[in-house]
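**Student:** Pasting a structure below so you can have a look.
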Amino acid sequence: MKNLFTLVCVVLLISITSCSSSRSVQRIDPDKTIDLSGRWNDSDSRMVAEAMIKDCLSRPWHSDFKLANQQKKPVVIIGLIKNRTHEHINAETFVKDIEKEMINSGLIRVVQDVEFRESLRRERGEQQEFASAETAKKWKEEIGADYMLTGTINAIVDQAGRQKIIAYQIDLELSNIETNEKIWLGDHKIKKHIKD
């Protein structure tokens, strides 16, 4: 019985000491690039969005649109960006980085995607019933998009022993919604060498 009691005490002591950790948390600059695993991360998302939107907006389609439309800014909607990698990548954060770059450029206008538009329409409908006539927002005042941006995130993994190369390729394309014409194609590559 005494040995059983000693054994239980030892197990409890081990489990208590193993549960206490020496974890420390330190705040860092969100723009600082830190690559712990070698997988796609927030820095990759931000840098790719910046580079690709800069390239997109520097191409002839943008000035051609403005010339043909009394200097109006083109309106873009972000469509589906597919993750075709072996990793879990939250494409929504990449989409938000793209939208931020587009809007902050001041060169184009971005409209809400399908899902969010539905919630705006519900709100507008409720305003028709519950808001004052002076403040209720009108129907049929939405801005139609001229272009849709879609894309894919792909990765190729090459591994030998304790070394691995992950090559990411991000492809985006901008299409004219009225004519289905592809007016810009862009790609960006990232290659990471990981040693264990």
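The values are calculated or read from the model by the stated rules, or taken from the named source; none is laboratory data. Since the structure is predicted, the reported quantities are computational estimates derived from the model, not experimental observations. Note: ideal-geometry Cβ built from the backbone for every residue, glycine included; neighbour counts use all protein chains shown.
**Student:** So, of the residues in the stretch 133-157 that are hydrophobic (A, V, I, L, M, F, W, C) and more than 24 Å from the chain's Cα centre (by Cα), which turns out to be farthest from Ile103 (Cα to Cα)?
**Tutor:** First, the residues of the stretch 133-157 that are hydrophobic (A, V, I, L, M, F, W, C): 133, 136, 139, 143, 145, 148-149, 153, 155-157.
Cutting the leftovers down to more than 24 Å from the chain's Cα centre (by Cα) gives us 133, 136, 139.
Values: Ala133: 31, Ala136: 26, Trp139: 24 Å.
By that ranking, first place goes to Ala133.
**Student:** Does any residue of the stretch 182-189 turn out to be at pLDDT 95 or above, out of contact with any strand residue (DSSP E or B) (no Cβ under 6 Å at 6 or more places or on another chain) and not small (Gly, Ala, Ser)? Outline the logic, then answer.
**Tutor:** Applying the first criterion (at pLDDT 95 or above) to the stretch 182-189 yields 182-189.
Those left that are additionally out of contact with any strand residue (DSSP E or B) (no Cβ under 6 Å at 6 or more places or on another chain): none.
No, because not a single residue in the stretch 182-189 is at pLDDT 95 or above, out of contact with any strand residue (DSSP E or B) (no Cβ under 6 Å at 6 or more places or on another chain) and not small (Gly, Ala, Ser).
**Student:** Turning to a different aspect of this structure: How many residues are of a type outside the set (Gly, Ala, Ser), in contact (Cβ under 8 Å) with a residue 60 or more places away in the chain and not in a helix (DSSP H, G or I) when one looks only at the stretch 39-88?
**Tutor:** Looking only at that region, the number is 16.
**Student:** Of the numbered conditions (1) on the phi < 0 side of the Ramachandran plot; (2) at pLDDT 95 or above, Ala136 satisfies every one except a single condition; which is it?
**Tutor:** Exception for Ala136: condition (2).
Residues are listed down the side, and each one gets a yes or a no for (1) surrounded by fewer than 14 Cβ atoms within 10 Å (Cβ to Cβ); (2) touching a Ser or Thr at 6+ places or on another chain (Cβ under 6 Å); (3) under 23 Å from Gln71 (Cα atoms):
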| site | (1), (2), (3) |
| --- | --- |
| Ile108 | no, no, yes |
| Ser132 | yes, no, no |
| Gly161 | yes, no, no |
| Asp171 | no, yes, no |
| Asp187 | no, no, no |
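**Student:** Regarding the stretch 73-89, can at least one residue be identified that is of a type outside the set (Val, Ile, Thr) and over 24 Å from Ile170 (Cβ atoms)? Steps first, answer last, please.
**Tutor:** Filtering the stretch 73-89 down to residues of a type outside the set (Val, Ile, Thr) leaves 73-74, 79-80, 82-84, 86-88.
This time we only want the ones that are over 24 Å from Ile170 (Cβ atoms), so: 73.
The answer is yes; a qualifying residue exists.
**Student:** Something else about it: For the stretch 106-115, check the following and say yes or no: at least one residue is within 15 Å of the chain's Cα centre (by Cα) and more than 17 Å from Lys54 (Cβ to Cβ).
**Tutor:** Yes: one or more hits.
**Student:** Out of the residues in the stretch 113-143 meeting the condition of being in a loop (DSSP other than H, G, I, E, B) and touching an Asp or Glu at 6+ places or on another chain (Cβ under 9 Å), tell me which one is farthest from Met47 (Cα to Cα).
**Tutor:** Just the residues of the stretch 113-143 that are in a loop (DSSP other than H, G, I, E, B), to begin with: 113, 131-143.
Cutting the leftovers down to touching an Asp or Glu at 6+ places or on another chain (Cβ under 9 Å) gives us 136-137.
Numbers: Ala136: 40, Lys137: 38 Å.
Per the criteria, the residue is Ala136.
**Student:** I need the full set of residues from the stretch 21-53 which are in contact with a strand residue (DSSP E or B) (Cβ under 6 Å, 6 or more places away or on another chain), at pLDDT below 90 and not small (Gly, Ala, Ser), in order please.
**Tutor:** none
**Student:** Identify, from the list Ile165, Ile194, the residue that is surrounded by 11 or more Cβ atoms within 10 Å (Cβ to Cβ) and either in contact (Cβ under 8 Å) with a residue 40 or more places away in the chain or hydroxyl-bearing (Ser, Thr, Tyr) (or both). Give the steps one after another, and end with the answer.
**Tutor:** Details: Ile165 fails: either in contact (Cβ under 8 Å) with a residue 40 or more places away in the chain or hydroxyl-bearing (Ser, Thr, Tyr) (or both).
Criteria check complete, one pass: Ile194.
Conditions (1) touching a Phe, Trp or Tyr at 6+ places or on another chain (Cβ under 8 Å); (2) of a type in the set (A, V, I, L, M); (3) closer than 30 Å to His86 by Cβ, marked per residue:
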{"position": "Glu126", "(1), (2), (3)": "no, no, no"}
{"position": "Thr135", "(1), (2), (3)": "no, no, no"}
{"position": "Asp146", "(1), (2), (3)": "yes, no, no"}
{"position": "Thr150", "(1), (2), (3)": "no, no, yes"}
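**Student:** Mind checking which pairs have a first residue in the stretch 173-190 that is under 15 Å from His62 (Cβ atoms) and a second that is of a type in the set (D, E, K, R) and outside any strand (DSSP E or B), Cβ under 6 Å, 6 or more apart or different chains?
**Tutor:** Taking only residues 6 or more apart or on different chains, the pairs are Trp184/Arg59; Gly186/Asp55.
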